[in-house]
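Okay, so here's the structure we're looking at.
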Amino acid sequence: DEDLAASLVDYEQRNRAHLDPWGPPAPAGFFSVEGQRQRLQQSEQAEAAGTGRAFWLVLKDKPERIVGHARLSQIARGPFCSAMLGYSLDADCEGQGLMHEALRAVIDMTFSGDAPLHRIQANVRTENTRSSRLLQRLGFAQEGFAPQYLFIAGAWRDHLMFALRNTAWPADRAPPVN
């Protein structure tokens, strides 16, 4: 969708300096409408394959303006039954509880329904205390430390590893095989 791609370009360009320290380098063309069309196409393909799910966050009074993003990737079924969580929020929207509200909805949806997951993982740069606190408020527990985990902002960066287990999942319930 052309409008969604343009809204994503606006979000990414508006927040480039704000988000660059926390995420991997953007691929060539990322800040263009064509680059965002490719991103949307990849998201659709991942959702169709059951390996990913993307959420674009908007404000109720400005639904045309994207102010954040949440993404489940590397969705695995079977004995792992888990996904990786990534997210970002517009610099002008921080401190208002919006990401907490959005991630609470993503978690609730992911842990319920016909094909719930058992676990959601999220990795955060050690310096990103705001994000670490957000995950902890959502019930995520720090499970580990990953030295030089991802290449971000010109260097290999250490990360804290967090996870949230689906407490509604009975300990003796096997996950679906598919």
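Things worth noting here:
- Charge-dipole axis of segment 56-121 as Lys and Arg at +1 and Asp and Glu at -1 on Cβ define it, positive-most pick from 67, 100, 110: 110
- Magnitude of the charge dipole, the chain, Cβ model with Lys/Arg +1 and Asp/Glu -1, debye to 20: 560 debye
- Global geometry of segment 6-109, whether rounded, prolate or oblate, following the gyration tensor of its Cα atoms and the 1.5 cut on a/c: oblate
- Of the whole protein surface, residue 156 contributes about 150 Å² of accessible area at a 1.4 Å probe radius.
- Comparing 80, 140, 55 in a Gaussian network model of the chain where C-alpha atoms under 10 Å apart are linked, the largest mean-square fluctuation is found at 80.
- For the chain, the longest piece that avoids every one of the trypsin sites (Lys or Arg not before Pro) found in DSSP loops with at most 11 other C-beta atoms within 10 Å covers 61-172.
- Helical content alone sets the calculated 222 nm signal of the chain at -9500 deg cm²/dmol, taking -39,500 (n - 2.57) per DSSP H segment of four or more residues and averaging over every residue.
The values are calculated or read from the model by the stated rules, or taken from the named source; none is laboratory data. These numbers come from a predicted model, not from an experiment. Note: ideal-geometry Cβ built from the backbone for every residue, glycine included; neighbour counts use all protein chains shown. Remember, those area values only see protein heavy atoms, side chains included, never the ligands or the DNA or RNA. Shrake-Rupley method; radii C 1.70, N 1.55, O 1.52, S 1.80 Å.
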